[in-house]
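Structure first, commentary second.
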Amino acid sequence: MAERSFLDWPFFDERHRRLAEELETWCTTHRDLLVARPAHSEATAADELCRKLVARLGADGWLRHCVPAAHGGVAETLDVRSLCLLREILARHSALADFAFAMQGLGTGAISLYGGEELRRRLLPPVARGEKIAAFALSEPEAGSDVAALATTAVREGGDYLLEGEKTWISNGGIADHYLVFARTGEAPGHRGLSAFLVEAGTPGLEIVERIATLAPHPLARLRFRGCRVPAAEMVGAPGQGFEVAMATLDIFRPTVGAAAVGMARAALGEALRRARERRLFGAPLGDLQLIQAKLADMATEIEAAALLVYRAAWEKDRGTPRITREASMAKLFATEAAQRAIDQAVQIWGGLGVTSGVRVEELYREIRALRIYEGASEIQRLIIARQLLRAVG
Ligand code: COS
């Protein structure tokens, strides 16, 4: 039985509790889809399953939480608590289902926040229905953490921009229908000279040059832009506003990464508890050993603390606080690090079986790792938190 008591926290409304119950039921009904795994380990192994997950999540209305109500969504503006709950529950059942859900939101978040009416009307409803797949293309071979240093350029030519450069580790790269691409337009040096563009897959000059195989398979690619012509009307936000667009999008989605980590950690705790009760050692259940009890206690306490930070950040945003940068970073940092520790302990409790391919905790061990890196590595989150603290004192 999944942990539900946190739903009584004051961060949630009745609609959140209902949402969690409904998704839990859906996950049980769709168990076959959620336990399905890519059949092989190549870079494209997860493509088909991911497409299937997006289609199912869309058909059953879950992706409506990724866009605003005016364009096929549920809430008037993105409800971060709902996004977090959905990610936590999906991630507890299937990391790939969480990934499929999350990328629809991250890939269109900037359009929901900054897009013009035409772009929103054209792009958001099909993403909410799971008919189109979205992607967010920020990282580059030489600029992952340092966004202000990104090198892809977009040069104005008549009514278009010409994009040149490379993006890498792009989730959904290769299967996405469109990419939200950040490029240097040069209005000013550094972060003030970036802009965001919507680039449709198949636009001449956009090439998928490499599919990237990872520890836990999901669609990932390196993209190259060579003379890629994008109409100026496809810019998201104003010229030079790209850095702000990226940061504001990440402020919303970083707590949701923390939520996914909480979901994975809860799955690991469930597995650890089961093993502690079922496995006998020295003539008694494993869970009678105090060293095992200490692990379980630490896991549960850290998961609870992580969930508090995640839902605090989400609630803070939902109640209208304009910037939740510090709260979002704290939630992502603590939840992903705590989940990594909890999952590691679950593997330890499972012993040899814990590192056996196909066993749930082994899978979680591989799945959690990327969350400490993507959407801002733990080191970057610490930097952001510390800067905010230092700024506040002087
Ligand atoms: N919301 C709105 N504005 C923001 C912001 C936010 N979350 N974060 C920063 N800004 C503003 C700052 O207030 C500052 O404004 P001014 O120009 O008015 O002073 C400006 O943007 C520059 O901010 P800062 O000085 O902090 O920029 P830096 O280049 O030093 O650092 C970090 C920016 C490191 C925070 C940024 O590059 C980052 O988040 N990197 C990680 C990126 C990432 O997540 N990559 C993974 C790819 S997505 S899978």
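Overview of results
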{"read-out": "Subset of the stretch 32-70 that is at pLDDT 95 or above and in a loop (DSSP other than H, G, I, E, B) - its residue that is most open to solvent (accessible area, probe 1.4 Å)", "value": "Asp60"}
{"read-out": "Tally of residues being among the aromatic types (Phe, Trp, Tyr) and in contact with a His (Cβ under 7 Å, 6 or more places away or on another chain) across the stretch 48-104", "value": "1"}
{"read-out": "Matching residues in the stretch 363-378 - criterion: being assigned to a helix (DSSP H, G or I) and open to solvent by 80 Å² or more (accessible area, probe 1.4 Å)", "value": "Tyr365, Arg369"}
{"read-out": "Qualifying residue in the stretch 229-251 (condition: modelled with pLDDT under 95, open to solvent by 40 Å² or more (accessible area, probe 1.4 Å), more than 13 Å from the ligand (Cβ to nearest atom) and over 21 Å from Arg323 (Cα atoms))", "value": "no"}
{"read-out": "Matching residues in the stretch 323-346 - criterion: being of a type in the set (A, V, I, L, M, F, W, C) and within 15 Å of the ligand (Cβ to nearest atom)", "value": "Ile324, Ala328, Met330, Ala331, Leu333"}
{"read-out": "Some residue of the stretch 152-167 being within 11 Å of the ligand (Cβ to nearest atom) and either surrounded by fewer than 22 Cβ atoms within 10 Å (Cβ to Cβ) or within 18 Å of Arg226 (Cα to Cα) (or both)", "value": "yes"}
{"read-out": "Per-region count, the stretch 71-101, residues within 17 Å of Arg51 (Cα to Cα), of a type in the set (A, V, I, L, M) and open to solvent by 10 Å² or more (accessible area, probe 1.4 Å)", "value": "2"}
{"read-out": "Residue that is most open to solvent (accessible area, probe 1.4 Å), among those in the stretch 296-322 that are within 16 Å of the ligand (Cβ to nearest atom) and charged (D, E, K, R)", "value": "Lys317"}
{"read-out": "Residue selected from the stretch 109-151 under the condition of a type in the set (Asp, Glu) and farther than 16 Å from Leu180 by Cβ, by the criterion surrounded by the fewest Cβ atoms within 10 Å (Cβ to Cβ)", "value": "Glu117"}
{"read-out": "Scope the stretch 10-26; condition open to solvent by less than 80 Å² (accessible area, probe 1.4 Å) and in a loop (DSSP other than H, G, I, E, B); matching residues", "value": "Phe11, Phe12, Asp13"}
{"read-out": "Unique residue being under 23 Å from the mean Cα position of the chain (by Cα), modelled with pLDDT of 95 or more and open to solvent by less than 10 Å² (accessible area, probe 1.4 Å) when the list is Ser171, Ser195", "value": "Ser195"}
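Results for (1) in contact (Cβ under 8 Å) with a residue 24 or more places away in the chain; (2) not in a helix (DSSP H, G or I), shown as yes or no for each residue.
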{"residue": "Arg323", "(1), (2)": "yes, yes"}
{"residue": "Met330", "(1), (2)": "yes, no"}
{"residue": "Val361", "(1), (2)": "yes, no"}
{"residue": "Ile380", "(1), (2)": "yes, no"}
{"residue": "Leu383", "(1), (2)": "no, no"}
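The values are calculated or read from the model by the stated rules, or taken from the named source; none is laboratory data. Values in this document were obtained by computation on a predicted structure and should not be read as measured data. Here Cβ is always computed from backbone atoms with ideal geometry, including for glycine, and neighbour counts include all displayed protein chains. Ligands, DNA and RNA are stripped out before the accessible areas are found, and what is left, the full protein with its side chains, is counted by its heavy atoms. Shrake-Rupley method; radii C 1.70, N 1.55, O 1.52, S 1.80 Å.
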